[in-house]
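Since the structure comes first, as structure tokens, the remarks are kept for the end.
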Amino acid sequence: MVLPSQRRLKDYRNAIRPQRGFQKEVVEELKALTDSYFDVQRFVVLLFDEMKVMSNLVFDKVTEELIGFTDLGDPDLNYGVLEKTNEIATDTLAFLIQGVCTELKFCLAYFATTGVTAAQMMPLFWEAVAILETSYNLWVIAATSDGASPNRRFYRLHKLLDEDADTDVCYRTVNLFAHHPFIYFFSDAPHLVKTTRNCLLHSGSGNCTRYMWNDGLFILWQPITQIFYQDMENGLKLLPKLTYDHINLNSYSIMRVNLVAQVLNASVAAVLKSFGPPEAAATATFREMIDGFFDCLNVRSTTEHLKKRKPFLAPYTSVHDQRYSVLNI
């Protein structure tokens, strides 16, 4: 197989020169990808997230401009919502499109920021919706982000646009460019379970910033660490998937979603209920609830969760060891 040269790959990469904001060339590429879509294939979710980038200034020899300052893609918008227009950017806000009934995954635009605010996000979000709905006939039915405080404030700014104004939580807004009445707001499920695990990690241990409880019983991280170290000493393990990285988290492992899903699952809850101390009952129940919550938001149909392997308890045959092992069917 003859692969393209490094120079040719650079030419492909620079076929559309990336710029901050909504680029005509990028949007035209999206149109070419979705022209053949029909009916439910046109339903999409708009995702937005902010990522840290290296702060630096770079001289573009083609445009002869310095790149690296904060930029929302429109000079009028920059002067309208940015406190300073000459700050060096520390973050990138990206808008992505995910098809609901298709495999469409497309980066619509990105913006250079120093930490986006709800007021800055508002015009960008609705411009993205307007481009998709009015120009390219893609129907935005939901918006997804992580649970950062600017994103929550952004959701709350739509309270007056929600016809169900009696609720405390603003979970939707009237679609101003609608083929359908509402756009629903969702927090990213992996981010929510990571936040939940971090709260549990510091409940009675770690930084000990909180003591979680329910029905008079504490929900703590300590029972799982105790049973993990006990399991390490046994030849036949009850928790074979758990490792040192699950229990002792660092700045890297704390971001891994698979570690969260494996430590907050039904198998761990079953072991806690069977072999943990009586005061670990609330912690075990809490883990079962989080496992069910993650399953609900991590499937594509109402029956896909049935394929997940569920744990059950079966006794050992040895008369010398009356413990129970967690087996999978």
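The values are calculated or read from the model by the stated rules, or taken from the named source; none is laboratory data. Every value quoted in this text rests on a predicted model; they were computed, and no experiment measured them. Heads up, the Cβs are rebuilt from the backbone with ideal geometry, glycines too, and the neighbour counts pull from every protein chain shown. Only protein heavy atoms, including side chains, enter the accessible area calculation; ligands, DNA and RNA are left aside. Shrake-Rupley method; radii C 1.70, N 1.55, O 1.52, S 1.80 Å.
Inside the stretch 21-69, residues that are more than 23 Å from Ser145 (Cα to Cα), in contact (Cβ under 8 Å) with a residue 12 or more places away in the chain and open to solvent by less than 30 Å² (accessible area, probe 1.4 Å) make up a count of 2. The number of residues in the stretch 216-249 that are at pLDDT 85 or above, in contact with a helix residue (DSSP H, G or I) (Cβ under 8 Å, 6 or more places away or on another chain), in a loop (DSSP other than H, G, I, E, B) and open to solvent by 60 Å² or more (accessible area, probe 1.4 Å) comes to 1. Counting the residues of the stretch 24-47 that are assigned to a helix (DSSP H, G or I) and of a type in the set (A, V, I, L, M) gives 6. Total residues in the stretch 140-166 satisfying the condition of being farther than 14 Å from Phe48 by Cβ and buried (at least 22 other Cβ atoms within 10 Å of the Cβ): the figure is 0. For the stretch 267-298, residues that are more than 19 Å from Trp213 (Cα to Cα), surrounded by fewer than 19 Cβ atoms within 10 Å (Cβ to Cβ) and more than 21 Å from the chain's Cα centre (by Cα) total 2. Here is the figure for the stretch 103-122: residues that are open to solvent by less than 30 Å² (accessible area, probe 1.4 Å) and polar (S, T, N, Q) total 2.
Of the numbered criteria (1) in contact (Cβ under 8 Å) with a residue 40 or more places away in the chain; (2) in a helix (DSSP H, G or I); (3) surrounded by 19 or more Cβ atoms within 10 Å (Cβ to Cβ), the one Phe185 fails is (2).
In this structure, does Leu132 turn out to be within 22 Å of Val81 (Cβ to Cβ) and exposed (fewer than 14 other Cβ atoms within 10 Å of the Cβ)?
On the way: within 22 Å of Val81 (Cβ to Cβ): yes; exposed (fewer than 14 other Cβ atoms within 10 Å of the Cβ): no.
No; evaluated as a whole, the condition is false for this residue.
Residues that are among the basic types (Lys, Arg), in contact with a strand residue (DSSP E or B) (Cβ under 8 Å, 6 or more places away or on another chain) and either touching a residue at least 40 places away in the same chain (Cβ under 8 Å) or part of a loop (DSSP other than H, G, I, E, B) (or both) are absent from the stretch 83-95 altogether. Pairs linking a residue in the stretch 99-125 that is touching a residue at least 24 places away in the same chain (Cβ under 8 Å) and at positive phi to a residue that is open to solvent by 30 Å² or more (accessible area, probe 1.4 Å) and in a strand (DSSP E or B), with Cβ atoms under 8 Å and 6 or more positions apart or on different chains, are Gly115/Glu50.
Residues that are of a type in the set (Val, Ile, Thr) and at pLDDT below 90: does the stretch 141-159 have at least one? Looking for residues that are of a type in the set (Val, Ile, Thr) and at pLDDT below 90, one finds none in the stretch 141-159, hence no.
Restricting to the stretch 107-128, and then to whatever is closer than 19 Å to Tyr155 by Cα and among the aliphatic types (A, V, I, L, M), can you tell me which residue is farthest from the chain's Cα centre (by Cα)? Explain how you work it out, then say what you get.
Of the stretch 107-128, the ones closer than 19 Å to Tyr155 by Cα are 115-128.
Within this subset, residues satisfying the condition of being among the aliphatic types (A, V, I, L, M) are 116, 118-119, 121-122, 124, 128.
Values: Val116: 17, Ala118: 18, Ala119: 22, Met121: 18, Met122: 20, Leu124: 20, Ala128: 20 Å.
This residue is Ala119.
Scanning the stretch 144-178 for residues being assigned to a loop (DSSP other than H, G, I, E, B) and touching a residue at least 60 places away in the same chain (Cβ under 8 Å) gives a total of 2.
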